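For reference, the structure is listed below as structure tokens.
The values are calculated or read from the model by the stated rules, or taken from the named source; none is laboratory data. The shown structure was predicted, so the numbers you read here are calculated from the model rather than taken from an experiment. For neighbour counting, all protein chains shown are included, and Cβ atoms are generated from backbone atoms with ideal geometry for every residue, glycine included. SASA here: full protein model, heavy atoms, side chains in, ligands and nucleic acids out. Shrake-Rupley method; radii C 1.70, N 1.55, O 1.52, S 1.80 Å.
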Amino acid sequence: MLPWFASAADRDVFDAMRDNERLASGGGWITGHHDARWDFRGTGPDRTLAAHADTGSGWQVLMTSHVQQFTLNYGEKFKQWLGDLSKVTDKNKGLVGFGPGPVLGPGHPLIIVRHPSRSDDSRTLIAAALPEAGIVHNKGYVHAVAVEPGTEENAVLALLGFLNTPIADWWARRFVDRHVTAPVVNQMALPEWTPDQVETAASYTGSLLARRGYNRLAGGVVVADGHPSTSD
């Protein structure tokens, strides 16, 4: 139930959520934190790694409008591209390997969220996933949610699903002004899900991602549509 704060009784629901474990508290079914490791802005430490014209590397830098619920809008024009990928991997920020090409490894966040956002938009908290290769986020526009090393894949997928629910959005609206900041992400109130509920949420999240064209996510996480007879 989402309270409207139309009566004193509505506060009970908010207070119940407020007692839940937070994402960064370490006591819930997953532990994570805000991440903005890449900064390709004009004054950012990674600015020399990106160009404003297609470099031919095949890697693009996300802007805010590219991020939609459970998907990326590739029809939106990209404004930055990564250049020398060997220099990018030298940064040790999660881009690894040069077999058939570099990928976002297990040490790189999978979940991304829009950073500029307002509490009176149709949705305030908008989360998607990074594919294994070809895309990176960018501080100031798209931030990420990093999880503790060794976190089970199901828990990460379940968290992505939860962040796109009306409940999570309602909670975030209480605290967002014009940006989804680090405190908003770190203090997200987690639902008290059982392992079975986490697995169910992960399964549906994987299906939603697969239907939107994902197959391998950052860290090598594989998704497929396990619910072909079920609607969105």
Original post:
Long-range amide H contacts for I135: which residues qualify at under 5 Å (H placed 1.01 Å from N, peptide plane, sequence gap of 5 or more or a different chain)?
Top reply: Q60
Original post:
Tell me, what ³J(HN,Hα) does each residue in region 100-114 have, in order and in whole Hz, if you take phi through Karplus 6.51 cos²θ - 1.76 cosθ + 1.60 with θ = phi - 60° and put x for Gly and Pro?
Top reply: x, x, x, 9, 7, x, x, x, 9, x, 9, 8, 10, 9, 5
**OP:** Would you mind classifying region 99-232 by shape? Square roots of the alpha carbon gyration tensor eigenvalues, ordered a ≥ b ≥ c; an a/c under 1.5 is rounded, otherwise it is prolate if a/b is larger than b/c and oblate if not.
**Re:** oblate
Original post:
Between rounded, prolate and oblate, where does region 3-132 land on the alpha carbon gyration tensor, with a ≥ b ≥ c its root eigenvalues, rounded for a/c under 1.5, else prolate if a/b exceeds b/c?
Top reply: prolate
Original post:
How much solvent-accessible surface does Y204 expose, in Å² to the nearest 10, with a 1.4 Å probe and all protein chains in place?
Top reply: 100
**OP:** Just the number, please: carbon plus sulfur as a percent of the accessible area of the chain, 1.4 Å probe, no ligands or DNA/RNA counted.
**Re:** 51
Original post:
Of all the Cα-Cα pairs you can form in region 47-102, what percent are over 13 Å apart?
Top reply: 64
Subject >> Three-way shape label, region 59-164, alpha-carbon gyration tensor, a/c 1.5 >> reply: oblate
Original post:
Mind listing which trypsin sites (Lys or Arg not before Pro) in region 126-232 are in a DSSP loop and have 11 or fewer other Cβ atoms within 10 Å?
Top reply: R178
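Return a single number: how many Lys pairs in region 25-167, at a sequence separation of 8 or more or on separate chains, have alpha-carbon atoms below 19 angstrom apart.
Taking the Cα cut-off of 19 Å, the pair count is 5.
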**OP:** Would you kindly calculate the translational diffusion coefficient of region 4-63, applying Stokes-Einstein with the Kirkwood radius from alpha carbon pairs, for 4 °C and a viscosity of 1.567 mPa s, and quote it in µm² s⁻¹ without decimals?
**Re:** 81
**OP:** State the antiparallel share, in %, of DSSP beta bridges confined to the chain, rounding to the nearest 5.
**Re:** 90
Subject >> In region 25-103, trypsin sites (Lys or Arg not before Pro) in a DSSP loop with at most 10 other beta-carbon atoms within 10 Å >> reply: K77
**OP:** At most 16 other Cβ atoms within 10 Å and a DSSP loop assignment: could you name the GluC sites (Glu not before Pro) in region 90-199 that fit?
**Re:** E152, E192
Original post:
R18 to H179: FRET efficiency via 1/(1 + (r/R0)^6), r the Cβ-Cβ distance, R0 22 Å, to the nearest 0.05?
Top reply: 0.50
Original post:
Taking Cα pairs under 8 Å and at least six residues apart, what relative contact order does the chain come out at, in percent?
Top reply: 25
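Hey, what's the chain come to in accessible area per residue, 1.4 Å probe, Å²?
On the way: 11260 Å² over 232 residues.
I get 49 Å² per residue for this part.
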Original post:
At what distance in angstrom do the alpha carbon centres of region 90-156 and region 56-81 lie from each other?
Top reply: 13
